[in-house]
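The structure under discussion appears below in the form of structure tokens.
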Amino acid sequence: MTRRIALAFAAVIAALLVLAVVPIGVSMTANEQSSFRYDAQATALQVAAAAEEYLADHRPATGMNAAVGAAASLGDCVAVFQPGGAVVASSGVCAVAMDQDARALAARVLPGRGSVVARDGVWLRVAVPVSQDENAGAVVLARSADPLDDRILAMWGWLCLTGVGALAVGVVLSVRLARWVTRPLDRLDDAAEQWGGGALEVRALVGDGPAEVRRLAATFNQMAERTQSLVGGQQEWVADVSHQLRTPLTALRLRLDVLAQETSEEVSAELAGAQEEIGRLSRLVDGLLAVARAQAAVPSPVAVRADELAAERAAAWEPVARERGISLSLDALEPATAFLGPGDLEQMLDNVLANALEAAADGGRVRIEAAGRRGAGGRNRIVVRVVDDGPGMSEAARRDAFRRYANPGARGNGLGLAIVYRLATANGGDVRLADSPGGGLTVELDLPGA
């Protein structure tokens, strides 16, 4: 952004300099040329006035020769022509005022027509009549234009140097202005990125940049404070509910256990049913607390070896699978590093494996796969699949699978996939359900790679 702002300012300054410098240069060039031409004409007229005394008034040629010598001392070539074309005075060996082109200019000068000016290479020739009243002759003066060209070139050089200097100053100022605007925006972007990654204590600096940027940073800080307060309050609520619900349920279960040992078999059977309901209620409370924690969690992602965690969770669930006669295997495990909140992948795999082992029949099979792939925009993605050969799910059931209690026929508390979906999306991932080849359900976790 800094570069774009600086380039935009530099382009505007360059355009303004071109629009200002070029007309000035053209005007100054025209003035130099006009001044040079008028000065040459004035010198030629001075020689013509002196020559008129000799050619028209028949006075001595002293004044004419003095005027020609004065012009020659300035570096001009001068020749005075009679009406027939004969040269009566000249500045010596300088033939540029006496060649065929000079004679042609002299022939064009007649009384009443004024002077004639022509540029031939580096020479500027001026022809003026000796007298405005009669055809007494003509004066041709040739002056080198090298000094004029040198002055014009130097003038354009100074203009270009001035323009480049002004452009350099403008670029420096535009870069400083762009950094003044973009530096607080960059810091705000960094703060927002850290805050979105789970560092809720991060705040943006408010004292730098334009007033609009300072207001934006202040608004961001207010939002961050409010969100941190809400998240902290919900986490405290979850902890309080966990303590308040688990303690009386545990105490009630212990009392029922004691009461069952002191009553008859018929009453003990009823108490066993009550204990089973209390156990189901405890699992329901645990599920609700897990969902609340997942919804309140703001992950701080770290690098996690998905393949190693998959092998670890498979080993942890192997006794449960063996007890139920289910084959739990690891297939196509590739080294794959995900970028997730600490403990989130373990919790997702535990819920998915619990559902898969519940769905698989005796003698069934559950397998785990993990691999990396290249996602949209070239980003690394980690895919972890849990495949079972159970009864599977209908399309309607898969659409509602991530909602709490959406599957009334579930053997568990109906919250496992809701927890998995919440944890996956909070980490920038996704969960997909599909039919397994040969029957069953495949749960695919699409997670961000490190």
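FYI, it's all coordinate maths here, none of it is from the lab. Since the model is a prediction, treat every value here as computed from it, not as a measurement. Because the Cβ atoms are built from the backbone with ideal geometry, glycine has one as well, and the counts that use them run over all protein chains shown.
Q82 to R151: FRET efficiency via 1/(1 + (r/R0)^6), r the Cβ-Cβ distance, R0 30 Å, to the nearest 0.05?
0.25
For a test of the definition: using alpha carbon positions, the gyration tensor, and the 1.5 limit on a/c, classify the stretch 329-375 as rounded, prolate or oblate.
Note, shape of the stretch 329-375 comes out oblate.
Measure off 7 Å from each Cα along the Cα-to-Cβ vector at R432 and T162, then give the distance between these two points in nanometres to one decimal.
A separation of 6.8 nm, rounded to one decimal place.
For a test of the definition: using alpha carbon positions, the gyration tensor, and the 1.5 limit on a/c, classify the stretch 310-353 as rounded, prolate or oblate.
Numbers: a/c = 3.15, a/b = 1.61, b/c = 1.95.
In terms of gyration-tensor shape, oblate.
Give a residue-ordered list of calculated ³J(HN,Hα) values for the stretch 148-164 (Karplus: 6.51 cos²θ - 1.76 cosθ + 1.60, θ = phi - 60°; whole Hz; x for Gly, Pro).
In residue order, the calculated couplings are 4, 5, 5, 5, 5, 5, 5, 4, 5, x, 5, 5, 5, 4, 4, x, 5 Hz.
Return the long-range amide H neighbours of L328 (sequence gap of 5 or more, or a different chain), with a cut-off of under 5 Å between placed amide H atoms.
Correct list: V366.
For the stretch 201-211, take each phi angle, set θ = phi - 60°, evaluate the Karplus expression 6.51 cos²θ - 1.76 cosθ + 1.60, and give the result in whole Hz per residue in order, putting x for glycine and proline.
7, 6, 10, 8, 6, 10, x, 10, x, x, 4
Using a Förster distance of 30 angstrom, determine the FRET efficiency expected from the C-beta separation of D331 and E193, and round it to 0.05.
Efficiency computed from Cβ-Cβ geometry: 0.25.
Which residue, A89, A107, H58, has the largest displacement toward the positive end of the dipole of the stretch 20-152 when charges sit on each Cβ (Lys, Arg +1; Asp, Glu -1)?
The one lying farthest along the dipole's positive direction is A107.
Where does the charge balance sit around A217 when Lys and Arg score +1, Asp and Glu -1, over other residues with C-beta under 13 Å from its C-beta? Working shown, then result.
Details: positive: R183, R187, R203, R214, R215; negative: D186, D189, D190, D208, E212, E225.
Computed value for this residue: -1.
Among the trypsin sites (Lys or Arg not before Pro) within the stretch 98-200, which fall in a DSSP loop and have no more than 14 other Cβ atoms within 10 Å of their own Cβ? Can you show the working numbers first?
Working: sites: R103, R108, R113, R119, R125, R143, R151, R176, R179, R187; in loops: R113.
Hits after loop and neighbour filter: R113.
Starting at the first residue of the stretch 121-133, write each ³J(HN,Hα) from the Karplus equation 6.51 cos²θ - 1.76 cosθ + 1.60 with θ = phi - 60°, in whole Hz, x for Gly and Pro.
In residue order, the calculated couplings are x, 8, 9, 10, 9, 10, 10, 10, x, 5, 9, 7, 9 Hz.
Taking the Cα-to-Cβ direction at D101 and at R215 and moving 7 Å from each Cα, how far apart do the two end points lie in nm?
Roughly 7.1 nm, to one decimal.
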